[in-house]
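Peer 1: Structure in structure tokens, see below.
All of the numbers you see were taken from the coordinates with simple rules; none came from a lab. Just so we're clear, the structure is a prediction, and the values are computed from it rather than from any experiment. Reconstructed Cβ throughout: ideal geometry from the backbone, glycine too, with neighbour counts over all protein chains shown.
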Amino acid sequence: MVQNFLKINKKIGSFKKKILVDGDKSLSIRWALLSSQGVGQSIAKNILKSEDLINTLNCLKKLGVKIKLKKNICKIEGVGINGFAYKKKIVLNAGNSGTLGRLILPLLIRSPYKIKIIGDKSLSRRDFSRVIEPLKKIGANFYPNKKKTLPIYIKGSDFLRPIYYEEKKGSAQCKSCIMLASINTPGQISIKAKKSRDHTERMFKELKIPIEIKKDRNLDFIKVSKPKLIKNFNFNIPGDISSSAFFIVLTLLSKDSSLVLRNININPSRMGVIRILNKMGAKIKIKNKKKQFGEECADIIVKSSKNLKGINCPSNLNSSAIDEFLIIFLAASKAKGISYFKNLSELNEKESPRLKIASKILRMMGVKIIYNNSSIKIYGNPDIVLNKNYIVKNYLKDHRVFMMCAIAALSFGGNWKIFNPESINTSFPSFLNIIKQLGGKTN
């Protein structure tokens, strides 16, 4: 039988390195979807070659889009707005990707045939009513009626209408879904959205898609109109801050170590992890800032920290760190004092119920916590050392849970057996290779 787990039984030693991190997943998928609607050839460099991106490209190919992918360079021949080659009985597999599953739907609202959308076990338990209901109001049809999870069928309409939409949970996927629907919808769609990552807004601006944005402290007010066309565009995709966060925390928790992560996306709506860790005393620095296709990028410099302290984390940082909380919890486990993270129910709507699973892992490690469905209190121990056997499985193959456990093993010690290492292929295929670059031992 083939081994389906990773063993780590030794802490990582000191390191002083510079690394490159895989291309940003959110940007890679959005670039592919918008390029398909463009006119002419678009080229992306440093695109993330993960299962989520491959599933995105396969879905577009089934819709008649010509694509070439070689190493980390991708070329897409756009078919223009509503230019997909619709056929009967098309099945699109979103795999594990909530971004793909939710963002492909608004591009299909003109389909004359039913299109079936499927996903893996994890994605098939996630709530799609968040995007189904507003897309119905725009004019799309979904089958079976009232079904909230994958698999579902979507059929378009020739009678689409703009809507007013309120996004109340801070979900960039839901907000972006309705924004993308504007590409096929006459008139102006209006959105009132809780703060969340703004990659789609930035791409719309760069592509000259008609968009107006007003902001206050807690909300964004967005108006989007149907463009006449979308131009082709090239993009050198920066490194993913969510992937980088695991190595940032590994460096903080390791002795006499330093790390430079080069050309990372530092979009302000994604920088919650840096703000939170710096509030805990990390002193992470940002250097060599520049802009690429509307996105801010820079080198991130981090050094070991002996003085992390607990934090009462402000809830207004949640949406900008929602994918990084698992690794933030590890930093809090070694911080001096108590850390409190609240209003995190959205964390249980991810690839797995992450807040629930993280609490189980921390308890297994001997970390004192108080947990409920929307908050966690972590009693940090600066002297934490692990020396027992730890087995992690049955976590819905969530890539971030796997990476959290790997960093815990390398930082705190113990004999770890972490199942389903293939889970990282959805978002960060080079994760284990970078660990080896830094001197970490796995088998």
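Peer 1: Any idea how far the Cα center of the stretch 371-443 sits from the one of the stretch 136-190, in Å?
Peer 2: 37 Å
Peer 1: Measuring from a point 7 Å past the Cα of K45 along Cα-to-C-beta, which residues in the stretch 217-253 have an amide N at less than 16 Å?
Peer 2: Residues 233-239 fall inside that zone.
Peer 1: Put a dot 7 Å past each Cα toward the Cβ at R125 and K356; how far apart are the dots in nm?
Peer 2: Output for this residue pair reads 0.7 nm.
Peer 1: Could I ask something else about it? Charges on Cβ only, +1 for Lys and Arg, -1 for Asp and Glu, centred on the Cα centroid of the chain; of N312, I138, L34, which one is farthest towards the dipole's positive end?
Peer 2: Of the candidates, N312 comes out farthest on the positive side.
Peer 1: Using Cα atoms only, what is the angle between the long axis of helix 51-62 and the major principal axis of the chain, expressed in degrees (0 to 90) to the nearest 10?
Peer 2: Computed tilt is about 10 degrees.
Peer 1: Rounding to the nearest 10 and keeping the result within 0 to 90°, find how far the Cα-based axis of helix 129-138 lies from the longest principal axis of the chain.
Peer 2: Result, in degrees: 20.
Peer 1: Please work out how much length the chain gains when fully extended from F221 to K147, using 0.36 nm per residue of separation minus the C-alpha to C-alpha distance, in nm with one decimal.
Peer 2: Going from the current span to full extension adds 23.7 nm.
Peer 1: A further question follows. Would you kindly state how much longer the chain becomes between K62 and S345 on full extension, computed as 0.36 nm times their sequence separation minus their alpha carbon distance, in nm to one decimal?
Peer 2: Residue separation times 0.36 nm, minus the Cα-Cα distance, leaves 98.3 nm.
Peer 1: What lysines sit close enough to K68 to cross-link, taking a C-alpha to C-alpha distance under 16 Å and skipping anything fewer than 8 places away on the same chain?
Peer 2: K45, K49
Peer 1: Also: Based on other C-beta atoms within 10 Å, arrange H399, H199 from fewest to most.
Peer 2: Result, fewest neighbours first: H199, H399.
Peer 1: What ranking do V385, V367, V273 get, fewest neighbouring Cβ atoms within 10 angstrom at the top?
Peer 2: Ascending Cβ contact count within 10 Å gives the list V385, V367, V273.
Peer 1: Once you keep just the Cα pairs under 8 angstrom separated by 6 or more residues, what percentage relative contact order results for the stretch 273-360?
Peer 2: RCO, the stretch 273-360: 26 percent.
Peer 1: Then there's this: State, as an integer percentage, the relative contact order of the stretch 25-231 based on alpha-carbon contacts under 8 Å between residues 6 or more apart.
Peer 2: Working: 434 pairs, mean separation 35.5, N = 207.
Relative contact order for the stretch 25-231 comes out at 17 percent.
Peer 1: Using the Cα centre of the chain as origin and beta-carbon charges of +1 (Lys, Arg) and -1 (Asp, Glu), tell me which of I8, N93, N425 is placed farthest towards the positive end of the dipole.
Peer 2: I8
Peer 1: How much length would be gained if the chain were fully extended between K168 and K18, taking 0.36 nm per residue of separation minus their Cα-Cα distance, in nm to one decimal? Write out the running numbers ahead of the final one.
Peer 2: On the way: separation 150, 0.36 × 150 = 54.00 nm, distance 3.95 nm.
Extra length from K168 to K18 when fully extended: 50.1 nm.
Peer 1: Further question: Just want to confirm a number: the relative contact order over the stretch 36-108, from Cα pairs under 8 angstrom separated by 6+ residues, in percent.
Peer 2: 40 percent
Peer 1: Can you give me the Rg/Rh ratio for the chain, using Cα atoms for both radii and the Kirkwood formula for Rh? If you can, show how the numbers build up before the last one.
Peer 2: Details: Rg = 21.5 Å, Rh = 22.3 Å.
Expressed as Rg/Rh, it is 0.97.
Peer 1: Between P238, G23, G281, whose Cα lies farthest towards the positive end of the dipole of the chain when Lys and Arg beta carbons carry +1 and Asp and Glu beta carbons carry -1, centred on the Cα centre?
Peer 2: Positive-most Cα among the choices belongs to G281.
Peer 1: Keeping to pairs on different chains or 8 or more places apart, tell me how many lysine pairs in the stretch 364-443 have Cα atoms under 19 Å apart.
Peer 2: 8
Peer 1: Another question about this same structure. Which value in deg cm²/dmol, rounded to the nearest 500, describes the helix-derived mean residue ellipticity at 222 nm for the chain, given -39,500 (n - 2.57) per DSSP H run of n ≥ 4 and division by the residue count?
Peer 2: After summing the helix terms and dividing by residue count, I get -8000 deg cm²/dmol.
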